[in-house]
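Notes for the one structure printed next.
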Amino acid sequence: MQIISTANELASYLNTVKNNGNIGFVPTMGALHEGHLNLIRTSKQNDDTTICSVFVNKIQFTNEDDFIKYPRNIEQDIKLLEQVGCDCVFIPTQEVVFPIDYKYEIFNLGKIEHILEGLYRPGHFQGVCNVVNRFIELIQPNKLYLGIKDLQQCKVIEKMIHLKKYEPAVELIFCATSRNEKGLALSSRNKRLSNDAKNKALILIEMLKSAKEQILSKSSNLDTIKQFCITTILTNGFESVDYFEFADQHFELVNDSSTNQNPVYILTAATIEGVRLIDNIIIGYETNS
Ligand code: PAF
């Protein structure tokens with residue numbers, strides 16, 4: 001596996017591989033887990049060359065403490081990437097990604113930027129879009145792989161790719177959420193949880209499934225489902241629930257007074273042991289449940 005950290009090294013590596021066929025790209029912030037490795041495996045099945053980036057992107061953190069505490073373990077990441085046969089890992093410094101004179105872009109993302117995660121993490125999605133845009137410029141991948149655990153991020157990046165007119169040269173591939181044997185969505189942040197909290201955190205997927213079942217069986221209205229799920233999450237060890245919401249196919253929030261009451265996505269964010277977890281479920285999409 002090639003380990004690259006500068007833009008020049010990357011450019012010469014890309015020169016050697018671009019005639020071999022498709023390039024698949026998996027952007028990450030490191031602290032890799034099976035979820036990331038599954039994205040690499042999927043790219044390896046689809047593409048001739050698989051490149052993974054490891055870069056903890058400061059500008060997407062709204063909370064300095066979260067940035068500092070973000071788990072970093074580059075030796076272990078390299079080992080795991082080698083084990084799954086990743087062709088190249090790009091581990092740039094801040095200056096390589098965003099040189100001092102870099103002109104950050106402001107993407108016109110619309111409403112999606114300010115709801116759910118965007119409400120709790122102002123500026124987060126502009127930070128994500130800037131870094132992913134920068135990686136697309138540097139790597140010029142044919143395919144970009146993202147996990148739908150970060151569903152809103154997937155939708156936001158889809159919008160950015162559309163705004164930048166990157167399609168069809170860059171194809172976005174969304175991959176199912178990887179979960180542990182009990183159903184907890186894999187996340188680098190899980191490393192900060194005790195075993196007890198990891199068990200308690202299962203209530204998130206249980207409530208998402210319960211909400212989905214109640215919607216499909218039309219047994220309750222959305223506001224009642226939401227209240228039940230939030231209360232149950234809180235009585236099962238979570239300190240707070242930022243949201244438990246429903247969104248339609250356009251990613252607009254849906255409640256009982258909305259004109260369109262056809263939720264397609266159910267999304268939640270909640271904090272346990274000071275660690276903020278997110279998860280979601282898609283109605284009518286079995287592999288994520
Ligand atoms: O999902 C993540 O880990 C990050 O938001 C991403 C896409 C690598 C951009 O920094």
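Where a number appears in this text, it was derived from the coordinates with a stated rule and is not lab data. The shown structure was predicted, so the numbers you read here are calculated from the model rather than taken from an experiment. Here the Cβ is made from the backbone with ideal geometry for all residues, glycine too, and neighbour counts use every protein chain on show.
Rounded to the nearest 10 degrees, what's the angle between the helix 7-17 long axis and the longest principal axis of the chain, both from Cα atoms, 0 to 90?
80 degrees
Quick one: in the chain, what % of C-alpha pairs are over 26 Å apart?
45 percent
Extending each Cα 7 Å along its Cβ direction at N46 and D223, get the distance between those two points in nm, one decimal.
4.2 nm
Can you flag which of K44/K209; K149/K191; K18/K164; K182/K212; K18/K165 are past 26 Å Cα-Cα?
Checking Cα-Cα distances, K44/K209 exceed 26 Å.
Please name which of T177, G127, P92 has its Cα lying farthest along the dipole of the chain towards the positive end, using unit charges on Cβ (Lys, Arg +1; Asp, Glu -1) and the Cα centre as origin.
Checked the options; the winner is T177.
Efficiency by 1/(1 + (r/R0)^6): what FRET value for K69 and D242, r their Cβ-Cβ distance, R0 = 25 Å, to the nearest 0.05?
Once rounded, the FRET efficiency stands at 0.90.
Can you give me the relative contact order of the chain as a percent, contacts being Cα pairs under 8 Å and 6 or more apart?
16 percent
What is the helix-to-structure angle for 202-216, meaning the angle in degrees between its Cα long axis and the longest Cα principal axis of the chain, kept from 0 to 90 and rounded to the nearest 10?
Once rounded, one gets 70 degrees.
Using only Cα atoms, find the angle between the long axis of helix 124-139 and the longest principal axis of the chain, and express it within 0 to 90 degrees, rounded to the nearest 10.
30 degrees
Which residue, chosen from L216, S188, N255, occupies the Cα position most advanced towards the positive end of the dipole of the stretch 154-289, where the dipole is computed from +1 (Lys, Arg) and -1 (Asp, Glu) charges on Cβ about the Cα centre?
Comparing the listed Cα positions along the dipole, S188 ranks first.
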